[in-house]
1. Applying the selection to the stretch 5-18, what residues are open to solvent by less than 90 Å² (accessible area, probe 1.4 Å) and of a type in the set (A, V, I, L, M)?
2. Mind checking whether some residue in the stretch 19-36 is of a type in the set (S, T, N, Q) and open to solvent by less than 90 Å² (accessible area, probe 1.4 Å)?
Amino acid sequence: MKNLIEKFLKNEEGATAIEYGLIAAVMAIGILAALQATASSVSTNFSNVASNVDASV
């Protein structure tokens with residue numbers, strides 16, 4: 001029983017999965033922040049293109 005408890009306490013496989021999960025979460029937050037920062041300029045560009053297309057028709 002003592003050996004089983006020692007093996008359980010030394011097992012670090014779950015810690016690696018948690019670390020990868022945290023890395024993925026931080027990357028997702030960064031991507032969302034970048035997309036949100038550029039959303040208004042992209043929207044403005046599409047509006048300009050749409051108004052120019054309407055004006056030329």
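1. 5, 15, 17
2. No, that holds for no residue.
The values are calculated or read from the model by the stated rules, or taken from the named source; none is laboratory data. Keep in mind it's a predicted model, so treat the numbers as computed, not measured. Surface areas here come from the heavy atoms of the whole protein model, side chains and all, with no ligands, DNA or RNA. Shrake-Rupley method; radii C 1.70, N 1.55, O 1.52, S 1.80 Å.
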